[in-house]
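Reading through the structure tokens given below for one structure.
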Amino acid sequence: MYPLRRNRRLRANATIRSLVRENNITPNDFLVPLFVVEGKGIKDEIPSMPNYYRFSLDTLQAEVKLLWSLGLKAVLLFVKVEDKLKDNRGTEALNPNGLMQRAIKTIKNTCPEMLVMTDVALDPYSIYGHDGILENGKIVNDPTVDVLAQMSISHAEAGANFVAPSDMMDGRILSIREALEDDGFIDTGIMSYSAKYASSFYGPFRDALDSAPAEQNNIPKDKKTYQMDYANRFEALRETEMDIDEGADIVMVKPGLPYLDIIREVKNEFDVPVAAYQVSGEYAMIKAASEKGWLDHDQAVLETTMAFKRAGADLIASYFAKEVVKLLG
Ligand code: PBG
């Protein structure tokens, strides 16, 4: 008798499909990136990120309350720094009354249980748009790491639950962990961007923060001396292993969809939670194609979100988080 097995039986209707579904999406899967700007009453749409906004501290409060009411419990903060406050060394990043520090406090005052994660890197503060300090045309590792450790302390002092270094300097996780421990911040976690690739998919984010590397002579035009070469796979495992050894609580792979293979390998290899970042360019692609009527927006969003779960991501940083949770109903 042929065929003995008919696999379509398990796909015959929505009920059976839902019963045998291997992965599910819940609000607990998400980290919500938020862009914060100075000013009052600002909710500014980012041109290359339709339906995504920069918030001033007052409008941020309503947004955070809304996120919490939708079951979204973690935010990942980025700040747009005023040009006049930028320099080569990220001095403003250490200002206890800086925008990031005030944003952390604002969120904690508005919604104390919201988990606040903060971006740790110099690019929003750098006149050159680089994640580290520039000397003689090079991004210098160790002096940058010193600033990142101080920046992490400053975020912890303001009330951050996790710091999230996205800079890809060597040795920064150990330095940050030691600095946090020395200052008594034993409960402040580290989510490390462990395998972060030099990617063309970060463009809209750099628009959002006005943080693209400067177009000047003797300044590297890209981030390839610190972010990873997208041809590499073993290197991602090496980076991740080192970050875990240095004290990372959560590791991240970034970007997302083009790197699902790396997410799966990291998940198989290590036993710490793995985050994936569906980055700004991935968001922009789906928005642009669906604006043209070339994709069904909602279906494409749900499918890509599920792809991260299937690949093994425990957490997904995504600009779609709010929309996904609303679609789940
Ligand atoms: C910089 C940083 C970037 C992103 C997060 N942190 C951009 C970059 O490395 O140039 C990108 C996020 C996104 O594109 O959504 N430290």
Given region 25-144, what strands (runs of 3 or more DSSP E) lie entirely inside it while holding 2 or more residues that are open to solvent by 30 Å² or more (accessible area, probe 1.4 Å) and without any contact (Cβ under 8 Å) to a residue 60 or more places away in the chain? 43-46
Can you confirm whether region 231-253 contains a residue that is open to solvent by less than 20 Å² (accessible area, probe 1.4 Å), more than 30 Å from residue 185 (Cα to Cα) and within 18 Å of the chain's Cα centre (by Cα)? no
Unmet requirement for residue 106, which otherwise passes all of (1) within 30 Å of residue 262 (Cα to Cα); (2) out of contact with any His (no Cβ under 6 Å at 6 or more places or on another chain): (1)
Any idea which of (1) surrounded by 21 or more Cβ atoms within 10 Å (Cβ to Cβ); (2) under 30 Å from residue 137 (Cα atoms) is the one residue 218 doesn't satisfy? (1)
Could you please find all residues in region 310-323 being in contact with a helix residue (DSSP H, G or I) (Cβ under 7 Å, 6 or more places away or on another chain) and away from the ligand (no atom under 16 Å from the Cβ)? 311, 312
Of (1) over 29 Å from residue 48 (Cβ atoms); (2) in contact with a Ser or Thr (Cβ under 8 Å, 6 or more places away or on another chain); (3) hydrophobic (A, V, I, L, M, F, W, C), residue 272 satisfies all except one. Which? (2)
Mind checking whether some residue in region 305-321 is within 27 Å of residue 207 (Cα to Cα), without any contact (Cβ under 8 Å) to a residue 60 or more places away in the chain and open to solvent by 20 Å² or more (accessible area, probe 1.4 Å)? no
Is it the case that some residue within region 234-251 is at pLDDT below 95, hydrophobic (A, V, I, L, M, F, W, C) and touching a Pro at 6+ places or on another chain (Cβ under 9 Å)? no
Extreme residue, nearest to the ligand (Cβ to nearest atom), among residues of region 155-169 that are under 19 Å from the mean Cα position of the chain (by Cα) and either part of a strand (DSSP E or B) or of a type in the set (D, E, K, R) (or both): 167
Kindly list, by first and then second residue, each pair from a residue in region 197-218 that is closer than 25 Å to residue 36 by Cβ to a residue that is open to solvent by 20 Å² or more (accessible area, probe 1.4 Å) and within 7 Å of the ligand (Cβ to nearest atom), limited to pairs with Cβ atoms under 8 Å and residues at least 6 apart or on different chains. 211/205; 212/206
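The values are calculated or read from the model by the stated rules, or taken from the named source; none is laboratory data. On a predicted model such as this, the values are computed, not experimentally measured, just so you know. In this analysis, Cβ positions are derived from the backbone assuming ideal geometry, glycine residues included, and neighbour counts consider all displayed protein chains. Note: areas computed on protein heavy atoms with side chains; ligands, DNA, RNA excluded. Shrake-Rupley method; radii C 1.70, N 1.55, O 1.52, S 1.80 Å.
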